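Quick notes on the structure that follows.
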Amino acid sequence: MAAVDASQRDEVLESITARPVLVPLNRKLYTGSGGIEQAPLVVIDLATRSGVVGRSYLFAIGAVNLKPLAELLRGLFELVKGAALAPHELNETLRRRMALPGTHGLVGMAIAGIDMAAWDALGQSLGQPLVQLLGGARRPVPAYNSNGLGLLPLKDLPRDAVELVEEGFRAVKLRVGRPTPKDDIEALRVVKNAIGPEVTLMVDFNQGLSVAQAIERGRMIDEEGGVLWIEEPIRADDFAGTARVRDEVKTPIQIGENFMGPEQMAQALAAGACDYVMPDAERIGGVTGWMRAAALAQAAGLEMSSHLFPEVSAHLLAVTPTAHWLEYVDWANAILESPLRLRDGAVLIAETPGVGIKWNEEAVRRYQV
Ligand code: SMN
Ligand code: MG
């Protein structure tokens, strides 16, 4: 495909900055595959020649990935410097140039970071919130509070659960995958008891189980009832195994935070791996990747939720035909000038053009590493 002549467009990419930060969490989160005590984020500013600055951030998962991700962002930017601010074109160019090393892992995440910042810049340059740029309308997006309910001692679960609901939510997610099935069921009962039947509850095993263990614990959860979905019971990329769990367990199976691109989501759907999907904006390929994933979910008739990145995900779910739940975390709030606003358990999309992210520069400098 021929490159688009940048002179046809008003906006041309000029520079990028990628700053690694370690943001303290209000609540530390312990899961079946490790704990998160600080959020390792890469703060991205993508500037155009006319001075528009598109913003996004990446979640590096481990602090060890922060500097490599920042370096990748700078290196990938060199491949599109001077190109038109056309997110589809940028995405195609970068994916094509990275076809040999592959667009999985950190490379895919970095491409998504540039994609999200480019869409933000485009929204700003056209004076439109992202949701409107994508043809949708600003509307409240139902969210669950995912900030807590990690693998805490049983005695600490009720307070955590009640606090998460009292922050204004009608849904929460409990991390499971304790040493024994009985431990998980006890934790589930304690939380259900604390939140009552009106609050929606999800559970997340964070890939901690074997297929046989997942079937055993899944059936126990079926017996207990009242769980909206069972998330990532086994290794994220074992779609055949997840499909076997799904065959044996009545509670809907949710996966997707680890889909690297819509192509991998298509493979999961072909394997009949899950009832619901929940792509993660940085792993599915940014705004561009999300829109392709949303089409796959619609074609398969599957409810689609988001994973992390609530700021951009609110816009994206508002144009997702099978939109389900937004996963709310406050991890970036400390570095944002105006964190997301919520009402009646739903995230509100601001009128601000683009994604609506602005950095609290003082906080970014404080947490920069
Ligand atoms: C999760 C994923 C990544 C970091 C923290 C927590 C968890 C979720 O799987 O779905 O929230
Ligand atoms: Mg999860």
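Which value, in debye to the nearest 20, gives the size of the charge dipole of segment 231-319 about its Cα centre, when Lys and Arg are +1 and Asp and Glu are -1 at the Cβ?
Numbers: 6 positive and 13 negative charges, 39 e Å.
So the dipole magnitude of segment 231-319 works out to roughly 180 debye.
Rolling a 1.4 Å sphere over the protein heavy atoms, what is the accessible area per residue of the chain, to the nearest Å²?
With the other protein chains kept in place, the chain gives 40 Å² per residue.
Only bridges with both residues in the chain count here: give the DSSP antiparallel percent, nearest 5.
Antiparallel: roughly 60 percent of the beta bridges in the chain.
Going by average Cβ neighbours within 10 Å, how do the peptides 229-240, 81-92 rank, with the highest at the top?
Taking the mean over residues of other Cβ atoms within 10 Å, the ranking is 229-240, 81-92.
Average the reciprocal distances over every distinct pair of alpha-carbons in segment 45-87, invert the result, and give the Kirkwood radius in Å.
Roughly 11.8 Å, rounded to one decimal.
If you average the alpha carbon positions of segment 251-309 and of segment 156-215, how far apart do those two centres end up, in angstrom?
23
Report, in whole Å, the centroid distance computed from the Cα atoms of segment 124-154 and segment 58-97.
Between the Cα centre of segment 124-154 and that of segment 58-97, the gap is 23 Å.
Let me check against my output: what whole-number percent is the relative contact order of segment 6-127, with C-alpha pairs under 8 Å and at least 6 apart?
Here the relative contact order equals 30 percent.
With +1 on each Lys and Arg Cβ and -1 on each Asp and Glu Cβ, how big is the dipole of segment 92-249 about its Cα centre, in debye rounded to the nearest 20?
Charge dipole, segment 92-249, about its Cα centre: 360 debye, nearest 20.
Give the total of Lys-Lys pairs in the chain with Cα-Cα distances below 21 Å; include a pair only if its members are 8 or more places apart or on different chains.
Going through the chain pair by pair, I get 12.
May I ask you to list, by number, the DSSP H helices of the chain whose Cα span along the axis is at least 27 Å and whose average Kyte-Doolittle hydropathy reaches 0.0 or more? Provide the component values of the computation, followed by the final result.
On the way: long enough: 105-126 (32 Å, 1.07).
Helix filter hits for the chain: 105-126.
Please state the relative contact order of the chain as a whole percent: Cα pairs under 8 Å, 6+ residues apart?
19
Take the Cα pairs of segment 6-127, get the Kirkwood Rh, then feed it into Stokes-Einstein at 37 °C and 0.692 mPa s and tell me D in µm²/s.
219
Hey, could you get me the Stokes-Einstein D for the chain, Kirkwood radius over alpha-carbon pairs, 25 °C and 0.890 mPa s, rounded to whole µm² s⁻¹?
118
Output needed for segment 111-205: three equivalent-ellipsoid semi-axes, defined as square roots of 5 times the C-alpha gyration tensor eigenvalues, in descending order, whole Å. Walk me through the intermediate numbers first.
Numbers: eigenvalues 278, 51, 20 Å².
The three semi-axes for segment 111-205 are 37, 16, 10 Å.
Could you tell me which trypsin sites (Lys or Arg not before Pro) in segment 12-58 are loop residues by DSSP with no more than 16 other beta carbons within 10 angstrom of their beta carbon? Each step should come with its number before you reach the end.
On the way: sites: Arg27, Lys28, Arg49, Arg55; in loops: Arg49.
Loop-located and lightly packed - Arg49.
The values are calculated or read from the model by the stated rules, or taken from the named source; none is laboratory data. For clarity, every value in this text was computed on a predicted model and none was experimentally measured. When we count neighbours, we look across all protein chains shown, and the Cβ atoms used for this are built from the backbone with ideal geometry, even at glycine. These area figures cover heavy atoms from the full protein model, side chains too; ligands, DNA and RNA do not enter into them. Shrake-Rupley method; radii C 1.70, N 1.55, O 1.52, S 1.80 Å.
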